[in-house]
Amino acid sequence: MKDFIIPVRERDMGTPARTGAPVTLKIDGVQVTVPEGTSVMRAAAEAGIAVPKLCATDSVEAFGSCRLCVVEIAGRRGTPASCTTPVAEGMEVRTGSDRVRRVRRGVMELYISDHPLDCLTCAANGDCELQDMAGMVGLRDVRYTAPEGAGLANHFTARDTSGAANLQWLPKDDSNPYFTYDPSKCIVCSRCVRACEEVQGTFALTIEGRGFDSRVSAGAAGDDFLTSDCVSCGACVQACPTATLQEKSVIEMGTPDRAVVTTCAYCGVGCSFKAEMNGDQLVRMVPYKHGKANRGHSCVKGRFAYGYAQHPDRVLSPMIRERIDEPWREVDWDTALSFAARRLRDIQARHGRKSVGVITSSRCTNEETYLVQKLARAVFGNNNTDTCARVCHSPTGYGLGQTYGTSAGTQDFDSVEETDVAIVIGANPTDGHPVFASRLKKRLRAGAKLIVIDPRRIDLVKSPHVAAAHHLPLRPGTNVAVLSAMAHVIVTEGLVDDAFIRDRCDAEAYAHYAEFISDARHSPEAVEMLTGVPAASLRDAARLYATGGNGAIYYGLGVTEHSQGSTTVMAIANLAMLTGNIGRPGVGVNPLRGQNNVQGACDMGSFPHELPGYRHVKGAEVRAIYERIWGVEIDPEPGLRIPNMLDAAVDGTFKGLYCQGEDILQSDPDTKHVAAGLAAMECVIVHDLFLNETANYAHVFLPGSTFLEKDGTFTNAERRINRVRQGIPPRTGYADWEVTQLLAGAMGADWGYTHPAQIMEEIALTTPSFAGVDYALLEEKGSVQWPVNAAAPEGTPLMHVDGFVRGRGRFMVTEYVATDERTGPRYPLLLTTGRILSQYNVGAQTRRTDNVVWHAEDVLEIHPHDAEVRGVSEGDWVKLASRSGETALRAKLTDRVSPGVVYTTFHHPDTQANVITTDHSDWATNCPEYKVTAVQVSLSNGPTEWQEDYAAQAARARRILPAAE
Amino acid sequence: MSPDKMVRMANQIAVFFSTQPDVDAADRVAAHLADYWDPRMRAQLHAHVDAGGEGLDPLVIAADARLRADQTAD
């Protein structure tokens, strides 16, 4: 199979693309037609003519500061900058006249007079635009040199020729773990500052001073890059034309010589990256300009946090042990796989076919996930397969399925560019989905309005040049009440899109719904005491969403991880139908998926009741498709979901688990119950990069491969199927899909796949929504959004355009039901959990990178009032207790959380926040209620006894016997 | 699974369908249990109903009867 290998450096068109009426002009005698508003520089690039440039790059708007791109235009005076001059009909441009060449050489001579000439040993050697441009303009001579023994101002020598200290010289700032800022190499082109503003939207950088004193500066005086607001997204590094902002990996390893386009393995945004390599070493990850999810942008995780692949904790050899209190023994693959196969078959012989199961990984590829569920269904002979979507977006599947007929998110990410009002509910995109957040913030800076519904004041509520029109700080657990109140306002104030409902929705269901929601008990005033949201601002927010133009709802796990998660998703779907915000760009219902392939894992039949493509196992005709191809009979009964597996394990009817790329002991709620379930099993197989927490209870460890080491596909939150391409060979010898196939083989199956492309062929053959997907199409298009079939051969960016998948949209009655998890005298506070930008999920990957400089431990956010009555000060150790368990961590006092609400992250096993969370779950899907736990907070001296016991058990469980000679 | 947990999960399902207009709620609860609960979970429910069904929403008990009728019919 041909790999998609591209030159390391992509073509830079100089200024961003425009859309508009065609304009035709001549550049150096070449006729070219471009959209109105395009710069002369970009038009020239379209015609294949490169105009020299330094301050222009096509990721940011033109700035016109370097004057290197000057051209001559017939009939106009002087030499205008081509980057800031828009094209005009009939324009005649000369880019290489003697006059402009003279100007450029003069400009370049000045630049170089203030730049060190250490090119041969410079980290950007071979990848430096200043070097390239000096060559391109033919600079041969620099006349400005310092006289001996006298001062001459420059920025690049620590002392002048008289030996005196040069006050203009600044030392390198290497505070950021991933890149350096070397002021001596800076040409003050402002590309970094503009990238930080326009692309990332953080505004951490500025140009300080004027004229010769102008310097790039991060944060306020006294700040360095690390202490500034910089979020280390890498946009500035990418924009920098010199070695001023340079990846430390390039400084250490040299410039890469080849690149493979692949897909990030962190969050559900699914950014495309160029994995740039030197031999078999990954030098850096650079966001791919043509990636349709990220459009050339990245965050600190995807851009820099890949070092875990080489971390010494990584296990490269299979390991087994008889009992979990024994140390691990390293063995060869055959031994490990036959040990695992024998144990599983033995369990099935003694406890029945349904006594074993699998957990597929939302971090692995579609092809790998497909094989793991196939292992359960075709080899184990049961439907005991589930995936971490159980604990994140399973309510999305149920709620959107009931209302619209498919669990699919309705839009692509480009859609946000046409949104006028965005509702963000139960999501924290600047931390959880940073690249999408940057795209949203860009739209907000252009005038779109924002409504945030969240118990916590997330960054989007107020950050530089972005402010939410409304923040509704609801009490955790009252989502349904708030959304129903919004619908009440829309219906009772006559803001409904009647035509949309008449044409597109089920009339009877709407009549029921309208009657239900119009009842005064749903009014904002009636629910104010319950939700804590002021009625007036709720009314204003509802009116804004209904009347403000294109309305889009983006939501995350703050919606789904509740006992009414599925009902909340239905309430969201109702709102979009009420206002006609479905079926065109700029609108829609957009679930922000947590993990890179959580969408794909669901699509691939990971759920115990569904075969790939969301088809219930009870359907004989669907089972027949797989029975024909797999040659086995498929169980028509649903299998166990993850929480059910653990319950059944405690009950003694579930004894064996193959868990690929998941760490349920850390990520799933009620840690003690998870541990009890795992401890009760006779064969736990963990297939992972590291000895994760779950592996403390495992009997077989199969070492995994990173996304850099294998081929396959990930499907992101937009339903976009993106290729994952192998850059380096698997360090363990096998990609994960091969390991699953070997395990199936050890249990008697004969699958015979030799490349993931063949697995995708089988998926396409059996799953209608993937019917048109194959690797050749992905090579051609880069990516496609499912459904891809005869009706939509190039995929489906927007869902429900002419009608809902289920026919007519169905309004669902959404009665608010309080969760059983209530505060009381013993547990008076509500804990809600979330994540932070620099860490990812259980942290297995990010904790093994330098990202720990930003977040070395989980902390408890608590309101100063709640802290004061408990005698808690900033940084104190506090004990956090619920009816499930207790842990200790440090307190952070902040008014981001309301009084009565505390917040923490779950990235660190030392804290193990999930020992606190309970076994309550969504009524329809068993998605755990992570977001509401009644707790008490009190001062403590350090880790709890439970934490110490846990750490000791983990250390014992991770012992590895020295390899036999 | 602890009986309390099973009762809570079943009752949650019943509460949702009891709020839905114009449906046979017991049928819908039964269908939901058939679609999403593994047979051993349904067996546990049957056993709990046989033992008096303590704590169960009457709708769950009605749904349990439908489930058994459907299973016999198959």
Residue match in region A:529-545 (condition: within 25 Å of residue A:437 (Cα to Cα), of a type in the set (S, T, N, Q) and part of a loop (DSSP other than H, G, I, E, B)): no
Candidates A:810, A:806, filtered to the one that is in contact (Cβ under 8 Å) with a residue 60 or more places away in the chain, within 14 Å of chain B (Cβ to nearest Cβ) and within 30 Å of residue A:519 (Cα to Cα): A:810
Some residue of region A:664-675 being aliphatic (A, V, I, L, M), more than 24 Å from residue B:31 (Cβ to Cβ), more than 14 Å from chain B (Cβ to nearest Cβ) and surrounded by fewer than 24 Cβ atoms within 10 Å (Cβ to Cβ): yes
Scope region A:819-832; condition more than 14 Å from every other protein chain (Cβ to nearest Cβ) and open to solvent by 10 Å² or more (accessible area, probe 1.4 Å); matching residues: A:823, A:824, A:825, A:826, A:827, A:828, A:830, A:832
Candidates A:720, A:731 - the one that is within 24 Å of residue A:260 (Cα to Cα), open to solvent by less than 30 Å² (accessible area, probe 1.4 Å) and not hydroxyl-bearing (Ser, Thr, Tyr): A:720
Hey, residue A:243 closer than 25 Å to residue A:13 by Cα, of a type in the set (A, V, I, L, M, F, W, C) and touching a residue at least 12 places away in the same chain (Cβ under 8 Å) or not: yes
Search result, residues across region A:839-881 that are in contact with a helix residue (DSSP H, G or I) (Cβ under 7 Å, 6 or more places away or on another chain) and of a type in the set (Phe, Trp, Tyr): A:840
Matching residues, region A:292-314, being part of a loop (DSSP other than H, G, I, E, B) and crowded, with 17+ Cβ neighbours inside 10 Å: A:292, A:293, A:294, A:295, A:296, A:297, A:298, A:299, A:305, A:306, A:314
Filtered residues of region A:315-339 (kept if in contact with an Asp or Glu (Cβ under 6 Å, 6 or more places away or on another chain) and not in a strand (DSSP E or B)): A:317
In region A:428-447, residue surrounded by the most Cβ atoms within 10 Å (Cβ to Cβ) [restricted to those that are of a type in the set (Gly, Ala, Ser) and at pLDDT 95 or above]: A:437
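For (1) in contact (Cβ under 8 Å) with a residue 24 or more places away in the chain; (2) small (Gly, Ala, Ser); (3) in contact with a Gly (Cβ under 9 Å, 6 or more places away or on another chain), each residue gets a yes or a no:
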{"site": "A:517", "(1), (2), (3)": "yes, no, no"}
{"site": "A:532", "(1), (2), (3)": "yes, yes, yes"}
{"site": "A:538", "(1), (2), (3)": "yes, no, no"}
{"site": "A:560", "(1), (2), (3)": "yes, no, yes"}
Exclusive hit being open to solvent by less than 40 Å² (accessible area, probe 1.4 Å), under 14 Å from residue A:376 (Cβ atoms) and either within 14 Å of chain B (Cβ to nearest Cβ) or modelled with pLDDT of 95 or more (or both), set A:646, A:640: A:640
First in region A:334-360 and charged (D, E, K, R), second anywhere and open to solvent by less than 10 Å² (accessible area, probe 1.4 Å), Cβ under 6 Å, 6 or more apart: A:343/A:683; A:353/A:382; A:354/A:382
Within region A:556-590, considering residues that are under 25 Å from residue B:9 (Cα atoms) and not in a helix (DSSP H, G or I), the one nearest to the other protein chains (Cβ to nearest Cβ): A:563
Any hit, region B:9-26, residues being in contact (Cβ under 8 Å) with a residue 40 or more places away in the chain and of a type in the set (Phe, Trp, Tyr): yes
Subset tally (residues that are under 9 Å from the mean Cα position of the chain (by Cα) and either open to solvent by 50 Å² or more (accessible area, probe 1.4 Å) or within 30 Å of residue A:514 (Cα to Cα) (or both)) for region B:32-56: 2
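Quick grid of which residues meet (1) under 25 Å from the mean Cα position of the chain (by Cα); (2) open to solvent by 20 Å² or more (accessible area, probe 1.4 Å):
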{"residue": "A:785", "(1), (2)": "yes, no"}
{"residue": "A:801", "(1), (2)": "no, yes"}
{"residue": "A:804", "(1), (2)": "no, no"}
{"residue": "A:809", "(1), (2)": "no, no"}
{"residue": "A:817", "(1), (2)": "no, yes"}
{"residue": "A:850", "(1), (2)": "yes, yes"}
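Every residue, every condition in (1) touching a Phe, Trp or Tyr at 6+ places or on another chain (Cβ under 6 Å); (2) surrounded by 24 or more Cβ atoms within 10 Å (Cβ to Cβ); (3) not aliphatic (A, V, I, L, M), yes or no:
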position: A:449; (1), (2), (3): no, no, yes
position: A:453; (1), (2), (3): no, yes, no
position: A:465; (1), (2), (3): no, no, yes
position: A:471; (1), (2), (3): no, no, yes
position: A:479; (1), (2), (3): no, yes, yes
position: A:482; (1), (2), (3): no, yes, no
position: A:493; (1), (2), (3): no, no, yes
position: A:496; (1), (2), (3): no, no, no
position: A:500; (1), (2), (3): no, no, yes
Of residues in region B:10-21 being facing another protein chain (nearest Cβ under 7 Å) and assigned to a helix (DSSP H, G or I), the one surrounded by the fewest Cβ atoms within 10 Å (Cβ to Cβ): B:15
Candidate set: region A:542-568, residues that are more than 21 Å from the chain's Cα centre (by Cα) and hydrophobic (A, V, I, L, M, F, W, C); chosen: the one surrounded by the fewest Cβ atoms within 10 Å (Cβ to Cβ): A:544
Qualifying position, being more than 29 Å from residue A:251 (Cβ to Cβ), open to solvent by less than 30 Å² (accessible area, probe 1.4 Å) and in a loop (DSSP other than H, G, I, E, B), among A:138, A:149, A:96: A:138
Selection count where residues are within 8 Å of another protein chain (Cβ to nearest Cβ) and either farther than 19 Å from residue A:927 by Cβ or touching a strand residue (DSSP E or B) at 6+ places or on another chain (Cβ under 6 Å) (or both), scope region B:35-47: 2
Selected residue (criterion: modelled with the highest pLDDT) from residues of region A:855-883 that are surrounded by fewer than 19 Cβ atoms within 10 Å (Cβ to Cβ), under 23 Å from residue A:930 (Cβ atoms) and within 31 Å of the chain's Cα centre (by Cα): A:857
Residue list for region A:647-687, restricted to those being under 26 Å from residue A:367 (Cα atoms) and touching a Phe, Trp or Tyr at 6+ places or on another chain (Cβ under 8 Å): A:665, A:666, A:667, A:684, A:685, A:686, A:687
Criterion violated by residue A:961 - all others in (1) touching a strand residue (DSSP E or B) at 6+ places or on another chain (Cβ under 9 Å); (2) over 25 Å from residue A:863 (Cα atoms); (3) within 14 Å of chain B (Cβ to nearest Cβ) satisfied: (3)
Any hit, region A:604-622, residues being within 18 Å of residue A:715 (Cα to Cα), in contact with a Lys or Arg (Cβ under 9 Å, 6 or more places away or on another chain), surrounded by 24 or more Cβ atoms within 10 Å (Cβ to Cβ) and within 14 Å of chain B (Cβ to nearest Cβ): yes
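The values are calculated or read from the model by the stated rules, or taken from the named source; none is laboratory data. Only a predicted model underlies this, so the values are computations on that prediction, with no experimental measurement involved. Quick reminder, even Gly has a Cβ in these numbers, built from the backbone with ideal geometry, and neighbours come from all protein chains shown. To get the accessible areas, we keep the full protein, side chains included, count just its heavy atoms, and leave off ligands, DNA and RNA. Shrake-Rupley method; radii C 1.70, N 1.55, O 1.52, S 1.80 Å.
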